[in-house]
Amino acid sequence: MSCGGMLSVAKVQRRNAWRYYVRGVAFGDGRRPVGQSLKEAQEMAGLPPGRWLGRGLAALGLTEGTEVSERQMELLFGQGRHPDADRIERDLLDDGADPATARLATVLGQPIEEIEARGQTPLLALDFTFRPQASLIVLWALGDKKTRRIIERAHERAIAKALRWLEDEVAETRWSSGRGRAKTPALVVAAFRHFDNRDGFPLLHDHCLVANRVQRVDDTGEPVWGALDTVRLYQHVVATGTLYTLAMTTEVCEELGLATVPREVTPGLRPVMEVAGVDSELIDWSSTRRQRIEDVLEGLTYKYAQEHGRLPGERARHGLGWQAAQDTRPEKKTPRPLKQLLAWWRASALLKFGKQMVDGLVQRCRAAGAAIRARVDPHVDAVIAAVDVAAVVSTVRGKFARRHVLAEARRHLLETLRGQEFTCGLDDYIADRALSAHSRQSTVPKPGRRIPDADQLFYTADFDEPDRWWIAGTDGKPPRESSRYERARVASLAVQNAIRAARTPPAATQDDAPAATASAAAHTEDHHDQASDPPHAVDHPGRDAVLTSTQRAAAVQAHQQAAMPEEYLEGRTTDPATWLRTPENLERLAAFTRTANARRRAFEGRPKPEQPADVVKPADQQPHTNRPDHGRGAGRDR
């Protein structure tokens, strides 16, 4: 499974995976009684039926929005055949066709039996699961009917927008081992609405099963069915998820007069933009699995550190988080109708928080939203946005493609506008500007090879990555190293400040002249000579002198405090000397101590020659002391 914001993706494969979707996902993620039809079970449980989506339905003779039947799911997602294969096969048999020919006529693309004969596991679909942020889910669960209706409508429209974007910009089919490729702007999707998680608490989300079958026109002009290029879909998951979140959040905030604020879920990682006014206690109440996952994750992290001799990096943390989520996954539940769930959620919240907090939720959110909207500029500075996007992406990734820049542009709009609407296409404009003004293409086409598509090109940028710093641990936890995202924010905000200073330059002193020159260079849109100083260099106070590790840590802290907005620093403590107590440096200091002790014991075990009292010992026999400069501090890697 991979994740992109409020979107996760899983495979639907031939063997038993498709049965899980027919029996469970189509039934509210519950356990359907044996022998009961899907339609009957859905009606008894008060669950909405699945519905067909996507432009590819026209080629199958289906209509968007119509109900998905159990047999259609089995045929398409279990056998790779037309959803109405039974009717088509029966008509062909009535016309005199032999059974084998009639069945083959209903197969979409290569028969899965042929794929299995090669020892491969056929991929029938990808499950794109869309869900709103936790604060929007709380508002949906505890708000009034109007609020709930607005959130559901925004959720549906955002999903439709994300699927249309996949069809227009991403979806391709490939054949002949990738030598043949074609755009396929028509997907076939079966969507299923769920209301709660496995604990029965609110979790509005939709499973969208994207069939791994699309139609193209062959060399003879005839339509043929083939497989999607699923690698491309996976590559664009994050950009798709950010589009859904941006569209969903913006529509809800505009309709209800709300605004968003950043909420840090995991220290050092990107905060989630939640609706202002939704109490953290309510979010924790609805996120019943979070504490269980965190408890298991702590144990997995300890085991990882024991095995590898270091704490997990960002990629490893994501993998451990997924493992913790799987290990704590509850058994399937008995689905209940939404009306019953809403009553139970309200009773649970009233019992835990009281009537004033629950009934005043929407009002508090509107008041907080009005205050934020009054002070946040509804316009976007494209120059600043392009710099921010390029600096963050290049610091986090090093090399990047347009899809990474586009995803960051969408995050920038959500973080900057706080839920206010924007001009259609602004995300693409910012991404293109970031690439053209602040990036260099690193992909070199090879002679005799197919020229890469525009969205397969990779780029680099010239933003200097800030030095690492360490953040003091709390509650007995060890210090942690600053994450790439935190360093990316410093890199971006420092250059933004330089641009703003260049627009309204103060009376420059002689010492300020180099900084003013760099600021002006950062503002220009022309490409710069790479042999000269990089125009987007990020510097720290006091860098002109040679600093000790502790001094560099102090400089980084001062720079961080100046550059980072208050919401990114809240609840954190940075300590210039914390680097000395990091696990890595504690181990190094312990190694120095062991070496010194071994030398001392070896020296003490040798017979001592008589020496005049005034002879001074050689320098290498002087007592060894650990100095703060030993080890690596908050500065760069050795």
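The values are calculated or read from the model by the stated rules, or taken from the named source; none is laboratory data. All figures in this text were calculated on a predicted structure; none of them were measured in a lab. Cβ: placed from backbone, ideal geometry, glycine included. Neighbour counts: every protein chain shown.
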Considering only the range 153-177, how many residues are touching a Gly at 6+ places or on another chain (Cβ under 7 Å), of a type outside the set (S, T, Y) and without any contact (Cβ under 8 Å) to a residue 60 or more places away in the chain? 2
With the requirement that a residue be more than 26 Å from F27 (Cα to Cα), more than 18 Å from the chain's Cα centre (by Cα) and in a loop (DSSP other than H, G, I, E, B), what does the range 199-257 give you? D218, D219, T220, G221, E222, A227, D229, G257
Scan the range 32-51 for residues that are small (G, A, S) and in a helix (DSSP H, G or I) and jot them down. A41, A45
Within the range 175-192, count every residue that is within 24 Å of P83 (Cβ to Cβ) and surrounded by fewer than 19 Cβ atoms within 10 Å (Cβ to Cβ). 5
Would you confirm, using the coordinates I've provided, whether V275 is among the hydrophobic types (A, V, I, L, M, F, W, C), touching an Asp or Glu at 6+ places or on another chain (Cβ under 8 Å), at pLDDT 90 or above and not assigned by TED's automatic domain parsing to the domain that holds V358? no
Just to be sure I understand, how many residues within the range 127-152 are acidic (D, E) and buried (at least 19 other Cβ atoms within 10 Å of the Cβ)? 1
Suppose we filter the range 156-190 for residues that are touching a helix residue (DSSP H, G or I) at 6+ places or on another chain (Cβ under 7 Å) and within 24 Å of S69 (Cβ to Cβ); how many remain? 6
Looking at R402, R433, R440, R373, which is the one that is under 24 Å from V490 (Cβ atoms), surrounded by 15 or more Cβ atoms within 10 Å (Cβ to Cβ) and of a type in the set (D, E, K, R)? R433
Checking P335 against (1) closer than 22 Å to R489 by Cβ; (2) touching a residue at least 12 places away in the same chain (Cβ under 8 Å), only one condition comes out false. Which one? (1)
Checked the range 168-203 for anything modelled with pLDDT of 85 or more, out of contact with any Cys (no Cβ under 7 Å at 6 or more places or on another chain) and hydrophobic (A, V, I, L, M, F, W, C); matches are V170, A171, A182, A186, L187, V188, A190, F192, F195, F201, L203
